[in-house]
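To start, the structure itself, in structure tokens.
The values are calculated or read from the model by the stated rules, or taken from the named source; none is laboratory data. Owing to the predicted nature of the structure, the values given are computational and were not obtained by experimental measurement. Every residue, glycine as well, gets a Cβ built from its backbone with ideal geometry; the counts of neighbours run over all protein chains shown.
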Amino acid sequence: MTITKDLEATILRYYFVEHWKIGTIRRHLRVHPSTVQRVLAQEGVSVKKILPRPSKIDPYLSFITETLKKFPHLSAVRLYHMVHERGYRGGVKHFRHMLSLHRPRPVAEAYLRLTTLPGEQAQADWAHFGHLQVGKAKRPLVAFVMVLSFSRKVFVRFYLNQNMSSFLAGHEAAFQSYTGVPKIVLVDNLRSAVIARLGDAIHFNSTLLQFAAHYRFEVRPVAIARGNEKGRVERMIRYIRGNFFAGRTWKDLDDLNAQAIQWCEEIASYRPCPEDKDRTVQEAFVQEQSLLLPLPKNPYPIEERIEVRVGKTPYVRFDCNDYSIPYNYVRRILTVMATTHRIRILDKSEVIAEHARVYDKGQQLEHPEHIQALITFKRQAHQHAGQNRLTKAIPSSSKLLEQALEKGYSLRGIVKQLLLLLDSYGATELEAAIQEALQKQVPHPNAVRINLDKRREDRHLSVALKLELPDDVRIKSQKVNPHSLDTYDSLQSFKEEI
């Protein structure tokens, strides 16, 4: 322990002038006894060495040492039980402390200071920043971070997921920000980059390889459990947490990303460059920018692609929300192509619907024309079915409908009323009544009904009434008390006398 000159002088004064004992000096100044002994020894004072007291664990140290050589990661609890079986009666807490002093320490690893050439390498990684509540949905808030290894120019963009489309979109946005592409991008062994790995044998994600081929850079994953190989981006993530994200407020994700862009171009770009403290990151980036690979003429199509099965309703379920489609595409398998802001719904190669993407949960996103088309189709289908039945039973009804349409009458209402008359009077009677209405040039159901009633009265027939009972069994089973019909008979006699 290193102490100040003032403390050394105080220890010497207490010992030689005040004649305090070492224990008294140690307790008063709150230092270790060995510190007091060392100060006195420097002045030539022969101090009796304080021998440590024997510990209960001493007889078992050889067994503990040999066991830890064979099993260096053996837990303290398991080793305590093994020693306890051999006679150790000390407490588990004291055993843990003594074991920590004797457990073999790994040899400290030395690292080379890596240097990269301008435009040679960038490092990229994801960083978690908690969660963001979007309506009913709780979404993870993650940041894609890329930093150029030479100039330390940083790019950060926040997303609400870590899927492949967001991973590629982060790369593309970073390249656009740099107006160039580094030759190598160092990434972690995440699923978006590496499907499987066995030593140096790596199975890359094919989508990432296609993206890298389009932008002409090399994807290079770091070794497993060797985060130090991408230490520049790891340190940059810590810098973002403390210098940008901590204590910041924003309205929504777009506002947060706008603030991140401003921070990258201002505060983060004008800090001292770690490789050369005499210039800023922006000055180093100006040197590096001209050595980056040029951007391709056409951007890479970055969209999340999934196939969905549509049910009986005209909606596609995607990412916990429903998006409307034209009604004639139900009961099919369609393709959803999604970016961070929009989704497209395709039937093979034909785009049938587009929507703005939402990150809420349980929402229905509708285009009014989709729903209105279904409503119109349902009405027309019902009307056409009625017209087909009517014209098939009553051929002359088609002419009546044509004349009614010319006069501006509603065909739907006319068809409905004529079908009721068809069920009540039959096809023969209705045919004759419609012919009479056509002769009088009155193409309306009321005229047809009057003709039907008149025909029945001329033949002294009663009007056929159609009795329809409800489907409810409780109503059908109700008991109905009969009433006397004498009143109706007297009314009929009175009518005949008149």
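Side notes on the structure shown:
- Unique match (being within 55 Å of the chain's Cα centre (by Cα) and either modelled with pLDDT of 85 or more or among the aliphatic types (A, V, I, L, M) (or both)) among GLU18, GLU8, GLU85, GLU109: GLU85
- Residue in region 112-135 that is outside the structural domain of VAL222 (by TED's automatic domain parsing), surrounded by fewer than 19 Cβ atoms within 10 Å (Cβ to Cβ) and within 30 Å of ASP58 (Cα to Cα) present: no
- Some residue of region 33-53 being of a type in the set (Val, Ile, Thr), in contact with a Phe, Trp or Tyr (Cβ under 9 Å, 6 or more places away or on another chain) and more than 30 Å from ILE3 (Cβ to Cβ): no
- Strands (runs of 3 or more DSSP E) within region 56-167 that include 2 or more residues free of Cβ contacts under 8 Å to residues at least 24 places away in the same chain: 121-134, 137-148
- Qualifying residue in region 340-361 (condition: assigned to a loop (DSSP other than H, G, I, E, B), surrounded by 12 or more Cβ atoms within 10 Å (Cβ to Cβ) and modelled with pLDDT under 90): yes
- Breaking point among (1) touching a Pro at 6+ places or on another chain (Cβ under 8 Å); (2) farther than 23 Å from VAL336 by Cα, for VAL185: (1)
- Of all positions in region 204-215, at least one carries a residue that is closer than 24 Å to ASP319 by Cβ and outside any helix (DSSP H, G or I).
- In region 243-282, the residues that are surrounded by 13 or more Cβ atoms within 10 Å (Cβ to Cβ) and of a type in the set (Val, Ile, Thr): ILE261, THR280, VAL281
- Qualifying residue in region 329-336 (condition: closer than 30 Å to LEU253 by Cα, of a type outside the set (A, V, I, L, M) and either surrounded by 14 or more Cβ atoms within 10 Å (Cβ to Cβ) or assigned by TED's automatic domain parsing to the domain that holds ALA433 (or both)): yes
- A count restricted to region 364-379 and to residues that are more than 27 Å from the chain's Cα centre (by Cα) and assigned to a loop (DSSP other than H, G, I, E, B) stands at 0.
- Within region 390-436, considering residues that are of a type outside the set (S, T, N, Q) and in a loop (DSSP other than H, G, I, E, B), the one surrounded by the most Cβ atoms within 10 Å (Cβ to Cβ): ILE394
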